[in-house]
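Asks: First the structure, then my questions, so here it is.
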Amino acid sequence: MRDPVNVSKRASSIEYAIRDVVVPAMELEKQGHEIIRLNIGDPLAYKGLQTPEHMISAYKNALDSQENGYGPSYGIPSLRQAIANTESRKGWGCTEEDVYVTHGVTEALQIIFAAFLEPGDTVLAPGPHYPPYMAYPQMYGAKTIEYKLDSDDRWHIDFDDIRSKMDETVRLLVLINPNNPTGNVLLSSEIDSLIEIASGFPNCTIISDEIYDGLDFSGNFVSLASRSNDVPVITLNGVSKVYFAPGWRIGYMAWHDPKGVLTRVRDGVERLLRSRLCASTPAQHGFLAGLIGDQSWLSGHRELIRKRLDYSLSRIDSIDGIECQPPGGAFYLFVRITDPSLSVDDKKFVLDLLHKKHVLLVHGSGFSPEMGKGHFRMVCLPEVELLSEAFDRIDAFLKGE
């Protein structure tokens, strides 16, 4: 009998906590149990948060008119221009040539890391953060180091911690605004401080992940690119969260390079984009309709999410054993487990809750082994009735019932 074929280290070391916890949930569902899933940020999984009809019609029209062929590798021109117009309205001079359309923001990250990183390089990312910022750089021989977000002060950035970790190996400094999983939204003064730190390191480019920008409830959101006069910034965004079409897998990166220092890197990015052909052509037409069409629907979606967030916070306040810093944006809550006997192993907490009460969360250590431990992330997208049932079960679990 032949020995098993070995897997590469780069693949076997990848973890994605948000979906990894689905595996035991699926086993329970096979046994006939109904699981309340609060693990993944997919608005379409819940009532009242559908993709706008005019976007769906544009997608269908592209199919009906046979616009199914390979598109330009950097994105269809009309969409790139619409994205440039959208970014320019945020306060910086984005052009069509600055925009590259990708197969979701995750592909944008893979391409950026492939173009920037060599063995020994560093990515400095917030802790806690979206898991691919930790998982992907190692595929290119680089490493991710986390800078602290203050869990006692609405997860604001610890700038002293960033300064202590910046050095010449840092090629990419990551900002997620609003943050996933914590929901913190940065003030303009904080963004300026981040840019000031990066300006002392000529090889450093800032990644500003702004996929939740339209779900800012604080009124504080500011585009990072609009504040930078010299440091290069790559803004990431897409159709998934604010336009409620995550399965379309259309994202983009918009490059702000005020001093023209990224010419060689952009050449590498364009080579990589050409080699993987293109993003989905009909889905790009659907996103285009969202950008240039009626957007009055968004206020209704936003208000619904806000009500569900507020309800969730009120329930957390009423339950002994958990607490939560109010988020400024997005649709997550990053909840602290205050019972020391339960917080010591947050993954065990999540799995025990799943098996005993059939509620699926994500362990905080999956977003940062150090800075996320003792927490769990939940989405607040379900209707209030389902959230109510979920919190009843969490409360009973914490009481040992």
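The values are calculated or read from the model by the stated rules, or taken from the named source; none is laboratory data. This one's a predicted model, so the numbers in the text were calculated from it and none came from an experiment. Counting neighbours? That spans all protein chains shown, and the Cβs are built from the backbone with ideal geometry, glycine included.
Asks: Please find, among LEU386, LEU381, the residue that is crowded, with 22+ Cβ neighbours inside 10 Å, of a type in the set (A, V, I, L, M, F, W, C) and either touching a Phe, Trp or Tyr at 6+ places or on another chain (Cβ under 9 Å) or at positive phi (or both). Reasoning before the result, please.
Replies: On the way: LEU386 fails: crowded, with 22+ Cβ neighbours inside 10 Å.
The conditions single out LEU381.
Asks: For a quick check of your reading of the model, give me the residue pairs whose first member lies in the stretch 206-217 and is not assigned by TED's automatic domain parsing to the domain that holds GLY328, whose second is among the aromatic types (Phe, Trp, Tyr) and surrounded by fewer than 24 Cβ atoms within 10 Å (Cβ to Cβ), with beta-carbon atoms closer than 7 Å and at least 6 apart or on different chains.
Replies: ASP213/PHE221
Asks: Out of (1) within 14 Å of MET371 (Cα to Cα); (2) assigned to a strand (DSSP E or B), the odd one out for ASN180 is which?
Replies: (2)
Asks: Given the criteria in contact with a strand residue (DSSP E or B) (Cβ under 9 Å, 6 or more places away or on another chain), under 21 Å from ARG393 (Cα atoms) and of a type in the set (Asp, Glu), does ASP310 qualify?
Replies: no
Residue-wise test of (1) under 19 Å from LEU304 (Cβ atoms); (2) crowded, with 24+ Cβ neighbours inside 10 Å; (3) in contact with a Leu (Cβ under 9 Å, 6 or more places away or on another chain).
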position: ASP213; (1), (2), (3): yes, no, no
position: PHE217; (1), (2), (3): yes, no, yes
position: SER226; (1), (2), (3): no, no, no
position: PRO232; (1), (2), (3): no, no, yes
position: LEU236; (1), (2), (3): no, no, yes
position: LYS241; (1), (2), (3): yes, no, yes
position: PHE244; (1), (2), (3): yes, no, yes
position: ARG249; (1), (2), (3): no, no, no
position: TRP255; (1), (2), (3): no, no, yes
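Asks: Quick check: is even one residue across the stretch 265-288 in a loop (DSSP other than H, G, I, E, B), surrounded by fewer than 13 Cβ atoms within 10 Å (Cβ to Cβ), outside the structural domain of LEU381 (by TED's automatic domain parsing) and of a type outside the set (Phe, Trp, Tyr)? Can you show your working first?
Replies: To start, the set of residues in the stretch 265-288 that are in a loop (DSSP other than H, G, I, E, B) comprises 276-280.
Right, trim to surrounded by fewer than 13 Cβ atoms within 10 Å (Cβ to Cβ) and you get 277.
Now narrow it down to the ones that are outside the structural domain of LEU381 (by TED's automatic domain parsing): 277.
Okay, now just the ones that are also of a type outside the set (Phe, Trp, Tyr), so 277.
Yes: one or more hits.
Asks: Pairs please, first residue from the stretch 1-15 and closer than 23 Å to MET134 by Cα and at pLDDT 75 or above, second anywhere and among the charged types (D, E, K, R) and assigned to a loop (DSSP other than H, G, I, E, B), Cβ atoms under 7 Å, 6+ apart in sequence or on different chains.
Replies: none
Asks: Being touching an Asp or Glu at 6+ places or on another chain (Cβ under 8 Å), buried (at least 17 other Cβ atoms within 10 Å of the Cβ) and free of Cβ contacts under 8 Å to residues at least 60 places away in the same chain narrows it down to one residue among VAL185, VAL174; which is it?
Replies: VAL174
Asks: Would you say VAL261 is modelled with pLDDT under 95 and more than 21 Å from SER193 (Cβ to Cβ)?
Replies: So VAL261 fails the test.
Asks: Which residues, counting only those in the stretch 183-205, are under 28 Å from PHE376 (Cα atoms) and not in a helix (DSSP H, G or I)?
Replies: Matches in the stretch 183-205: GLY183, ASN184, VAL185, LEU186, LEU187.
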